[in-house]
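Structure, as structure tokens:
The values are calculated or read from the model by the stated rules, or taken from the named source; none is laboratory data. What you see is a predicted model, and the numbers here were worked out from it, not measured in a lab. No Cβ is skipped: glycine too gets one built from the backbone with ideal geometry, and neighbour counts run over all protein chains shown. Heavy atoms of the whole protein, side chains included, go into the accessibility calculation; ligands, DNA and RNA do not. Shrake-Rupley method; radii C 1.70, N 1.55, O 1.52, S 1.80 Å.
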Amino acid sequence: MIEIKNLIKTFGRGQAEVKALDGVSLEIEKGEFVGIMGPSGSGKTTLLHLLGLLDDPSSGTIRIDGIDVCRLTDWERTMFRLYKLGYVFQDYALVPELTVKENICLPAMLRRDREEKEYTAATRDILHSIGLWERRDHLQSELSGGQQQRVAIARAIVNTPDILFADEPCANLDTENSRMVLELFRKINRERGQTIVMVSHEDWHTEYFDRVVRLKDGKLVNGAAQAAAEPKAAALKENAMGNPLNYSGMGIGIEADGS
Amino acid sequence: MAQKELKVAFFLAWRSLVRGNRSSVLLNILIIGMVFTNMMFFPSLMAGIGVDIKDQIVSYQTSNIMIGPASGEQYITDIETTLAKINRLPGVERATPHYQTGATLQSRGRLIPATIGAIQPREEQYVSPLHTTMIAGSYLGESDVGEAIIGVSLAGSPNIREEDEVRPSLGGVRVGDSIQVEYPNGVEKEYRLKGIFQTGNFEMDNRMIVSWEDMQDVVGEPLTFAPYITVRVKPGYSESFVKNEILRYGVREQVQTTDDLLNKEIGRVMASFSIIGFISMIVSLVIAVVVLFIVVMVKTINNRRQIGILKAIGVEQSVIMNSYGFQVVLLSIAGILVGFLFTGLIVLYMTYYPMVTPEFSATPYVTPLDLAVNGIILFLASVISGYLPAWKVSRENIRQVLQA
Ligand SMILES: Nc1ncnc2c1ncn2[C@@H]1O[C@H](COP(=O)(O)OP(=O)(O)O)[C@@H](O)[C@H]1O
Ligand SMILES: [Mg+2]
């Protein structure tokens with residue numbers, strides 16, 4: 001699914017040069033829930049940006065589904081993000097002037113292959129499953145942090161992306177809300193075989209990940225868990241072949257909203 | 001760019017305007033409205049002055065068409081025949097002869113020079129609204145001899161001292177007072193003041209008017225000649241049509257429409273008015289462009305991270321640019337409509353309280369074409385100045401924008 005080789009990313013020049021990523025090679029299988037961990041400044045965000053096609057590597061290659069994404073034009077990358085990737089930010093990054101429902105719909109509205117009826121139905125199902133159906137017409141400013149992050153996740157999966165990226169999605173949340181978000185990720189992963197790459201620096205999050213990739217000073221410290229995770233990933237692959245547009249049977253449900 | 005993308009861009013723009021900062025939206029609309037009003041005001045006031053001056057000249061000086069003596073002559077001779085000929089033409093309301101001379105006026109110990117005009121009072125009513133402008137006493141009768149009416153400026157005011165006057169007057173003469181007149185041919189005559197008129201026309205309000213009968217006495221022979229004839233055109237006929245008619249029916253005198261005269265006399269003044277109007281429009285436009293440019297610039301800079309996020313979730317650059325562009329489009333449409341309203345209110349106000357000077361009393365003259373042209377110019381300028389920063393920021397590298 002994702003194949004990166006010898007990825008290097010440097011910022012600045014000369015004296016001020018910083019090697020944010022220093023020769024990272026990694027493979028991520030379809031259906032895996034991978035956690036990228038490491039201390040602050042170790043290059044986690046940089047790696048996720050590169051994988052999410054939000055930035056270019058200084059050298060090295062990134063292949064997603066066999067496509068060398070570094071060779072894509074700007075427009076192709078935008079389309080790649082729209083059709084294949086979902087991204088969740090630490091600070092939710094919702095559009096403040098849009099309601100919950102509108103925020104979730106937004107990426108789907110731009111897809112040429114989706115009708116309005118289709119994505120309103122998908123949005124409705126997602127809203128139910130994240131437990132925010134009652135709040136569908138609220139603005140971001142009327143939601144708690146946990147609720148906002150669940151909306152952001154809903155927005156990221158409305159287009160049934162091949163890969164979901166999340167950069168410290170729980171960093172601004174308390175433990176209870178963090179668990180809720182992590183449970184949501186786990187359910188999406190288990191029930192839909194959604195490939196998820198999530199950045200975190202909280203050790204207790206590891207219990208949710210199939211595999212943990214540790215970074216330090218831009219270098220991979222261990223990624224050895226891959227072998228162990230592989231059989232499970234393969235099993236999930238089949239699951240993912242089901243109808244990706246059908247959310248009704250997904251059952252990613254969260255009970256009455258506690259936050 | 002397909003319909004879907006435009007729809008999303010418009011959706012984002014609309015939501016941002018409606019759910020965003022109210023007061024900033026209203027302020028932007030107000031600014032555009034003011035700029036539009038500013039673009040309209042000065043040029044239309046200039047146009048209004050032009051219209052008023054023309055109106056005055058038509059009403060009190062030349063009427064629609066003025067006929068002067070053939071070249072080399074001092075007078076139109078045999079006016080009886082000429083008038084009869086012209087009055088028969090289609091499109092002619094009435095033609096009347098005018099005579100005028102300089103004279104010295106004396107009253108209440110003041111001695112001043114003035115122009116005295118002679119009219120045929122009954123006929124003149126069809127050509128000029130003079131008879132409707134009497135503010136004291138009454139209009140001249142057909143055979144009034146030894147009686148005169150004078151303009152309000154010439155009559156003067158008892159409250160202004162002689163040495164303070166801009167233009168000499170008779171210091172506040174009243175109806176019934178007597179005025180001594182000495183004509184250039186030596187004739188001296190005493191007139192009783194029958195009425196005072198106020199036309200708003202500077203020339204006219206400094207004149208004394210007597211009847212044709214009276215002037216015959218002064219000249220000492222029947223007035224069958226005149227320096228000029230004025231012709232009032234019937235409503236619905238154009239001045240140039242009637243002018244051609246007059247020429248075709250064998251009038252050999254010099255025939256000029258008001259426009260012919262105006263082009264010579266005040267054409268140059270109007271040209272410089274329109275240059276001033278043009279400059280004021282350009283200044284207003286520059287203000288609009290700069291204001292909108294800054295507004296959108298600030299908006300996009302404040303929203304840089306937001307723009308990065310939209311790009312990150314797969315929203316195309318052109319959708320983002322258009323979402324800001326559409327905001328400017330909507331703001332300028334609203335602003336221009338507010339500008340229409342302001343302009344309308346100013347025109348309405350100045351219809352009741354016009355700008356009055358001794359030379360003119362002006363109300364802004366606004367045509368639908370002016371509104372449309374200025375609206376379109378402002379609209380285009382706004383859209384360009386709004387799209388520019390939107391285009392710039394939407395092109396920026398995502399990572400840089402995200403870290404903003
Ligand atoms: N735009 C940038 N310019 C310069 N240095 C940067 C930039 N972005 C990240 N870095 C540096 O790269 C390193 C890795 O950053 P980052 O990937 O954000 O770390 P993490 O997300 O693990 O905290 C840090 O040393 C950081 O200072
Ligand atoms: Mg980070």
- Residue hits (the stretch A:163-199; within 14 Å of chain B (Cβ to nearest Cβ) and away from ligand 2 (no atom under 16 Å from the Cβ)) are A:Ile163, A:Leu164
- Message: For the structure I just gave you, tell me whether A:Ile126 is within 13 Å of chain B (Cβ to nearest Cβ) and touching a residue at least 24 places away in the same chain (Cβ under 8 Å).
- Response: no
- Where in the stretch B:1-100 are there helices (runs of 4 or more DSSP H), lying wholly inside it, with at least 2 residues that are within 14 Å of chain A (Cβ to nearest Cβ) and of a type in the set (Val, Ile, Thr)? B:3-19
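Does the stretch A:10-33 hold any residues that are β-branched (Val, Ile, Thr) and within 15 Å of ligand 1 (Cβ to nearest atom), and which are they?
We begin by selecting, within the stretch A:10-33, every residue β-branched (Val, Ile, Thr); these are A:10, A:18, A:24, A:28.
Hits for the stretch A:10-33 are A:Thr10, A:Val18, A:Val24.
Filter the stretch A:199-217 down to residues that are assigned to a loop (DSSP other than H, G, I, E, B) and surrounded by fewer than 23 Cβ atoms within 10 Å (Cβ to Cβ), then give me how many there are. Write out each step before concluding.
Our first condition is that a residue be assigned to a loop (DSSP other than H, G, I, E, B); within the stretch A:199-217, this holds for A:201-202, A:209-210, A:217.
Then keep just the ones that are surrounded by fewer than 23 Cβ atoms within 10 Å (Cβ to Cβ); that gives A:201-202, A:210, A:217.
The qualifying residues number 4.
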- Message: Among the residues that make up the stretch A:15-24, is at least one of them more than 9 Å from chain B (Cβ to nearest Cβ), more than 16 Å from ligand 2 (Cβ to nearest atom) and out of contact with any strand residue (DSSP E or B) (no Cβ under 7 Å at 6 or more places or on another chain)?
- Response: yes
- Query: Within the stretch A:100-115, restricting attention to residues that are facing another protein chain (nearest Cβ under 10 Å) and open to solvent by 10 Å² or more (accessible area, probe 1.4 Å), which residue is farthest from A:Leu139 (Cα to Cα)?
  - Reply: A:Arg112
- Query: What number of residues within the stretch A:78-99 satisfy the criterion of being more than 16 Å from ligand 1 (Cβ to nearest atom) and either open to solvent by 40 Å² or more (accessible area, probe 1.4 Å) or more than 19 Å from the chain's Cα centre (by Cα) (or both)?
  - Reply: 6
- Note on the structure: Within the stretch B:374-399, the residues that are hydrophobic (A, V, I, L, M, F, W, C) and away from chain A (no Cβ under 14 Å) are B:Ile376, B:Ile377, B:Leu378, B:Phe379, B:Leu380, B:Ala381, B:Val383, B:Ile384, B:Leu388, B:Ala390, B:Trp391, B:Val393
- Query: Which one of the conditions (1) at pLDDT below 90; (2) within 13 Å of ligand 1 (Cβ to nearest atom); (3) hydrophobic (A, V, I, L, M, F, W, C) does A:Met1 fail to meet, given that it meets all the rest?
  - Reply: (2)
- Message: Could you check the stretch B:147-205 and list, in sequence order, the residues that are surrounded by 14 or more Cβ atoms within 10 Å (Cβ to Cβ), closer than 17 Å to B:Thr357 by Cα and β-branched (Val, Ile, Thr)?
- Response: B:Val152, B:Thr199
- When you go through (1) touching an Asp or Glu at 6+ places or on another chain (Cβ under 8 Å); (2) modelled with pLDDT of 90 or more one by one for B:Phe202, which number turns out not to apply? (2)
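Here's a check for you: in the stretch A:42-61, which residue that is on the phi > 0 side of the Ramachandran plot and more than 12 Å from every other protein chain (Cβ to nearest Cβ) is farthest from ligand 2 (Cβ to nearest atom)? So that I can check it myself, show each step before the final result.
Taking the stretch A:42-61 first, the residues on the phi > 0 side of the Ramachandran plot are A:43, A:53, A:60.
Retained after the next criterion (residues that are more than 12 Å from every other protein chain (Cβ to nearest Cβ)): A:43, A:60.
Working: A:Gly43: 9, A:Gly60: 20 Å.
Going through the qualifying residues, I end up with A:Gly60.
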- Query: Going through the stretch A:135-152 one residue at a time, which ones are closer than 29 Å to A:Phe80 by Cα, aliphatic (A, V, I, L, M) and surrounded by fewer than 24 Cβ atoms within 10 Å (Cβ to Cβ)?
  - Reply: A:Leu139
- Message: Can you report the number of residues in the stretch B:101-122 which are outside any strand (DSSP E or B) and either open to solvent by less than 30 Å² (accessible area, probe 1.4 Å) or not polar (S, T, N, Q) (or both)?
- Response: 4
- Item | 1 or more residues in contact with a strand residue (DSSP E or B) (Cβ under 9 Å, 6 or more places away or on another chain) and surrounded by 21 or more Cβ atoms within 10 Å (Cβ to Cβ): qualifying helices (runs of 4 or more DSSP H) within the stretch B:265-378 | B:304-312
- Message: Looking at the stretch A:59-77, can you tell me whether even one residue there is touching a helix residue (DSSP H, G or I) at 6+ places or on another chain (Cβ under 8 Å), open to solvent by 20 Å² or more (accessible area, probe 1.4 Å) and within 16 Å of ligand 1 (Cβ to nearest atom)?
- Response: no
